[in-house]
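Everything on this sheet refers to the single structure shown next.
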Amino acid sequence: MATRSRCPRPLSLPCCCLLLLALGSPGFFQSHAVEVDVKDLSNNTCIYAKWMMSFLIKYETNSSEYKNATLKPSTNVTHDGSICGNNTHAPLLAIQFGAGHSWSINFTKTNETYQGNIISFTYNTNDAAFKDAKTKGPITIVVNDTMHPVQLNTVYKCHHLDSIEVANVSLFFWNVILQAFVQNGTVSKHDSTCEADKSTVAPTTIANLTTTVANLTTAPITTASSPLPTTTSKPVEKPLIGNYSLKDGDKTCLLATMGLQLNVSQEPVLININPKTTNVTGSCGNTSAILRLSDSNRTFIDFTFAVKNTSANTQRFYLKEVNITVIRSINGSEPFNAGNNNLSIWDTFLGSSYMCQKEQTVLVTEDLQIHTFDLRIQPFKVQDNKYAKAEECFADSDLNFLIPIAVGVALGFLIILVFISYVIGRRKSRTGYQSV
């Protein structure tokens with residue numbers, strides 16, 4: 001699970017559950033802190049929790065396109081179904097929010113420790129957030145994601161941001177305060193801090209990305225007599241080239257080869273995606289395909305491809321949309337998310353592959369760009385697990401050398417035109433001074 005924040009315990013009221021909501025920090029994944037105090041029939045606390053959470057869901061539309069929806073608990077959160085547990089039922093922490101969405105986690109224990117066990121999440125695509133969703137109604141995912149055992153009679157605290165990815169759903173957790181199996185109805189004063197929070201990380205650096213991070217340097221500590229250190233930018237290495245593929249059954253339906261580098265100008269920071277630690281998921285279709293790359297569950301990149309008709313008998317594919325989520329471990333900060341659904345690049349004939357060995361830049365937002373290296377992509381009509389004939393980008397083509405020649409010729413013609421105009425002008429001036 002994830003993340004930690006030190007907040008005061010809410011006032012106890014004589015009810016089964018006390019739920020308080022506090023507004024969280026702003027951002028794309030802006031969320032409300034959910035606070036739940038589960039009590040038994042004697043009005044004694046048995047589970048106490050306060051945490052932040054957000055959900056990123058990829059769904060298919062009626063036009064066979066794929067879009068992202070973001071869900072986060074808001075002020076209409078309820079807590080029906082939360083129980084302290086008994087001999088036949090495990091303790092359960094459950095919340096409901098929005099238009100039919102719900103989330104829950106149950107707990108188990110040994111003689112010395114307790115831990116969260118099974119997480120269940122239900123989202124309802126009848127919600128307005130899922131505009132034009134092809135499948136309507138509630139969809140449930142269940143994941144057996146056992147958290148690290150926590151000592152009984154201690155409060156688990158984790159400020160660090162973490163995520164769980166299941167199928168097309170990414171769950172984000174941070175600022176977690178939790179105690180299950182509360183003894184004598186009193187939340188413990190003893191903390192059990194997660195391992196991620198125990199690591200010492202400078203507040204201006206990004207940690208645990210498992211990607212190559214450049215352009216960030218830390219000045220060494222100096223004494224008064226020492227000369228001031230000179231900080232220089234770390235040279236940016238070219239990212240490793242990765243080979244990615246998707247299968248539909250036993251047949252390859254998408255092929256991609258590229259080196260990827262993210263340029264987050266907000267930090268600023270450059271992040272090289274490491275293909276050795278990158279997981280590949282996605283989906284194939286006749287007119288739409290998605291390639292999702294997840295680098296160590298810290299960086300998520302979704303490429304959405306589409307098919308268009310350029311004439312009666314001609315179809316082309318192109319990159320239509322890119323969505324990126326970067327989990328930044330800076331004092332438990334929220335995920336950085338950016339997207340662009342109005343792209344029209346990497347355009348080539350359907351049944352061919354697109355190739356560009358030169359570096360290209362994909363503008364996602366003003367604060368985030370993707371640099372690609374040695375790119376080759378074919379999201380449709382892959383045959384025999386091999387790329388089809390490639391259509392090269394203009395930067396790679398043999399015609400690229402004509403640009404400076406054309407510019408030089410144009411400048412030459414311009415100079416000649418100016419010279420001719422000058423000569424004609426001088427002749428007219430001399431004619432004007434002749435005697436009549």
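The values are calculated or read from the model by the stated rules, or taken from the named source; none is laboratory data. Model, not experiment: these values are computed from the prediction. Heads up, the Cβs are rebuilt from the backbone with ideal geometry, glycines too, and the neighbour counts pull from every protein chain shown. To get the accessible areas, we keep the full protein, side chains included, count just its heavy atoms, and leave off ligands, DNA and RNA. Shrake-Rupley method; radii C 1.70, N 1.55, O 1.52, S 1.80 Å.
Per the listing Thr257, Thr281, the residue uniquely open to solvent by 40 Å² or more (accessible area, probe 1.4 Å) and part of a strand (DSSP E or B) is Thr281. Scanning segment 367-395 for residues that are under 19 Å from Lys308 (Cα atoms), outside any strand (DSSP E or B) and touching a Ser or Thr at 6+ places or on another chain (Cβ under 7 Å) yields a count of 2. Looking only at segment 114-150, how many residues end up being hydroxyl-bearing (Ser, Thr, Tyr), under 21 Å from Val36 (Cα atoms) and assigned to a strand (DSSP E or B)? Final tally of qualifying residues: 4. When you scan segment 74-91, do you find a residue that is within 24 Å of Lys157 (Cα to Cα), open to solvent by 60 Å² or more (accessible area, probe 1.4 Å), of a type in the set (Val, Ile, Thr) and modelled with pLDDT under 85, even just one? Yes, because at least one residue in segment 74-91 is within 24 Å of Lys157 (Cα to Cα), open to solvent by 60 Å² or more (accessible area, probe 1.4 Å), of a type in the set (Val, Ile, Thr) and modelled with pLDDT under 85. Tallying residues that are in a loop (DSSP other than H, G, I, E, B) and open to solvent by less than 20 Å² (accessible area, probe 1.4 Å) within segment 31-73 yields 2. Scanning segment 391-413 for residues that are modelled with pLDDT of 75 or more and either open to solvent by 100 Å² or more (accessible area, probe 1.4 Å) or touching a Gly at 6+ places or on another chain (Cβ under 8 Å) (or both) turns up Phe394, Phe413.
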